[in-house]
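Structure record follows, encoded as structure tokens.
The values are calculated or read from the model by the stated rules, or taken from the named source; none is laboratory data. Just so it is clear, the model here is predicted, and its values are computed rather than measured. FYI the Cβ positions are ideal-geometry reconstructions off the backbone, even for glycines, and counts take in every protein chain you see.
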Amino acid sequence: MQAVRDVYGAEIPHYFRDLFTEKSESVAPQVKFPSDLNSSDPKCVVSIIGCTGDWFGGWDGLEPGDVDQFITEDLQHGRMVDVIDSGEPAIMVCHWPGIYFNGDKVGFNILKKVTQRLNQKYDHLIWMKLSEISRYWAAKELTSITVTGNTIKLKAPFAAPDFTLKIEPSVKNPILKNGAPLQRISNLKDLKTNTFLTGKSETVLCFDLKKGETEIVISL
């Protein structure tokens, strides 16, 4: 945290050190050492956790990987399927020598096949950079939420685009004060910034969370 802030001036430093390949281990990012959250200079660092081994071409580009370890041909099994279905970010691990594989691009071709199979199985995936995942997770973990009457107040130490919020039970016509109007959608996969979906028992909102305070006015 200190090194990346000092050298690069990053607002939310992140690092990659750990990976877990077993179902029993959570691979959700970990927000560490939060401090000064109510100040103009909040701090934290995010540990990004990989969910696979290097199953592309190895760290030295000498050991061919296997696409089926990520997702099988029938689209039913594999580490990526397990993690995506659990609702956690599925972060693959590779090394550039294995992607290039001495010019044969074995790892790169495996990556293309993994992507093809994932797109066959799922229609809701969002590909993000590690810095984007870190920002979203910091906002998710550190934003405080209070409810007073028909007003939901969020206090965010960090801004985050495409922030989502689920309200239970469902509400009618949520209004984002001092923000863009929210447009109603009918399918969750169409959720994007400045939209909301009302179901039987919940309402899901998506908007750009700003640093500081945000108010949402609701009516049941």
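A few notes on this one:
- Being surrounded by 13 or more Cβ atoms within 10 Å (Cβ to Cβ) and not β-branched (V, I, T) holds for only one residue in E25, E11, and it is E11.
- Subset of the range 37-62 [within 16 Å of the chain's Cα centre (by Cα) and of a type in the set (S, T, Y)]: S47
- Scanning the range 143-159 for residues that are buried (at least 18 other Cβ atoms within 10 Å of the Cβ) and not in a loop (DSSP other than H, G, I, E, B) yields a total of 3.
Residue-wise test of (1) touching a Cys at 6+ places or on another chain (Cβ under 6 Å); (2) closer than 22 Å to E22 by Cα.
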site	(1), (2)
W59	no, yes
G65	no, yes
I84	no, yes
A90	yes, yes
W96	no, no
I126	no, no
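- Candidates are the residues of the range 186-210 that are free of Cβ contacts under 8 Å to residues at least 24 places away in the same chain and part of a strand (DSSP E or B); the one that is farthest from S40 (Cα to Cα) is L197.
- Of the set (1) without any contact (Cβ under 8 Å) to a residue 40 or more places away in the chain; (2) over 23 Å from A28 (Cβ atoms), all apply to P169 but (1).
- For the range 162-179, residues that are exposed (fewer than 14 other Cβ atoms within 10 Å of the Cβ), within 25 Å of P42 (Cβ to Cβ) and either assigned by TED's automatic domain parsing to the domain that holds V46 or under 23 Å from the mean Cα position of the chain (by Cα) (or both) total 1.
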